[in-house]
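Q: Below you'll find the structure I mean.
The values are calculated or read from the model by the stated rules, or taken from the named source; none is laboratory data. Predicted, not measured: the structure shown is a model, and the values here were computed from it. Glycine gets a Cβ as well: all are built from the backbone with ideal geometry, and neighbour counts include every protein chain shown.
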Amino acid sequence: MGKKIRTVAIALLCLILIGALGPAQAAEKPIKIGVVFIMSGPMGGYGKHGRQAVEMALDEINAQGGVLGRKVVALFEDDKLKADEGIRIVKKFINEDLVDFIIGPTSSGVALALADVVQEHKKILVLTQSAANSLTDDKFNPYLFSTLSNAMMHSRAGAYFLADKPYKRWM
């Protein structure tokens, strides 16, 4: 991950945490983030690298005194690229682990299932890799935040880029 992207990600995470938690909780227990990624099987590399990025960000944040003096910790779980497993994990994060925020998942299919859960429990989910259009349309709710553009934005940008290029056959 480039230094500029990592710095922006850390700044965004800090702003979200500060805005949501406020100064009243500054000297209390650590801030808990539940992280749900695919970390096994053929697609596991996405989650493994995502975990490394989160760990690097938390090392930097905590080395600078945390957020408002509070240490930030992360709990990591593998959703196995299954929506029902993602739902189970997120409900555990919310009801048992008492996380303050959730980040992930890798899959749009899992994210679509989690959108209703986080809305029901009024818990913020920061989408890190999921790009389904419906996450910013039909399934969008006040508890979803995305760190990247959706699939339609990617497609449209590619189409505009290629629109004035000459057509070439690659065969």
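Q: Tell me which of these E77 doesn't satisfy, since it passes every other one: (1) surrounded by 15 or more Cβ atoms within 10 Å (Cβ to Cβ); (2) part of a helix (DSSP H, G or I); (3) charged (D, E, K, R); (4) modelled with pLDDT of 95 or more.
A: (2)
One line per residue, one yes/no per condition, for (1) outside any strand (DSSP E or B); (2) β-branched (V, I, T); (3) farther than 22 Å from P42 by Cβ; (4) at pLDDT 70 or above:
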residue: R88; (1), (2), (3), (4): yes, no, no, yes
residue: A111; (1), (2), (3), (4): yes, no, no, yes
residue: A115; (1), (2), (3), (4): yes, no, yes, yes
residue: A131; (1), (2), (3), (4): yes, no, no, no
residue: F145; (1), (2), (3), (4): no, no, yes, yes
residue: K165; (1), (2), (3), (4): yes, no, yes, yes
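Q: Now for a different question. Given the residues I61, I102, I10, which is the only one that is among the β-branched types (V, I, T), modelled with pLDDT of 80 or more, in contact with a helix residue (DSSP H, G or I) (Cβ under 8 Å, 6 or more places away or on another chain) and part of a helix (DSSP H, G or I)? Lay out the reasoning, then the answer.
A: On the way: I102 fails: part of a helix (DSSP H, G or I); I10 fails: modelled with pLDDT of 80 or more.
Every option except I61 fails the conditions.
Q: L127 passes all but one of (1) at pLDDT below 75; (2) in contact with a helix residue (DSSP H, G or I) (Cβ under 8 Å, 6 or more places away or on another chain); (3) within 25 Å of A57 (Cβ to Cβ); which number fails?
A: (1)
Q: Let me ask something else. Go through G109, G45 for me and flag whichever is under 17 Å from the mean Cα position of the chain (by Cα), loosely packed, with under 14 Cβ neighbours inside 10 Å and within 24 Å of S130 (Cα to Cα).
A: On the way: G109 fails: loosely packed, with under 14 Cβ neighbours inside 10 Å.
Residue meeting the stated conditions: G45.
Q: Among the residues in the range 35-54, are any out of contact with any strand residue (DSSP E or B) (no Cβ under 6 Å at 6 or more places or on another chain), modelled with pLDDT under 90 and polar (S, T, N, Q)?
A: For the range 35-54, residues out of contact with any strand residue (DSSP E or B) (no Cβ under 6 Å at 6 or more places or on another chain), modelled with pLDDT under 90 and polar (S, T, N, Q): absent.
Q: Name the single residue, out of those in the range 48-72 being among the β-branched types (V, I, T) and over 16 Å from the mean Cα position of the chain (by Cα), that is surrounded by the fewest Cβ atoms within 10 Å (Cβ to Cβ). I'd like the intermediate steps shown before the answer.
A: Start the filter on the range 48-72 by keeping residues that are among the β-branched types (V, I, T), which leaves 54, 61, 67, 72.
Next cut, over 16 Å from the mean Cα position of the chain (by Cα) only: 61, 67.
Values: I61: 19, V67: 21.
So, considering only residues that are among the β-branched types (V, I, T) and over 16 Å from the mean Cα position of the chain (by Cα), the one surrounded by the fewest Cβ atoms within 10 Å (Cβ to Cβ) is I61.
Q: Additional query: Yes or no: A157 at pLDDT below 70 and either in contact with a Ser or Thr (Cβ under 6 Å, 6 or more places away or on another chain) or surrounded by fewer than 14 Cβ atoms within 10 Å (Cβ to Cβ) (or both)? Let's see the steps before the verdict.
A: Details: at pLDDT below 70: yes; either in contact with a Ser or Thr (Cβ under 6 Å, 6 or more places away or on another chain) or surrounded by fewer than 14 Cβ atoms within 10 Å (Cβ to Cβ) (or both): yes.
So A157 passes the test.
Q: Just one of D97, D84, D138 is part of a loop (DSSP other than H, G, I, E, B), of a type in the set (D, E, K, R), farther than 16 Å from G50 by Cβ and at pLDDT 95 or above; which is it? Even if it seems obvious, please write down each step before you answer.
A: Values: D84 fails: part of a loop (DSSP other than H, G, I, E, B); D138 fails: at pLDDT 95 or above.
Every option except D97 fails the conditions.
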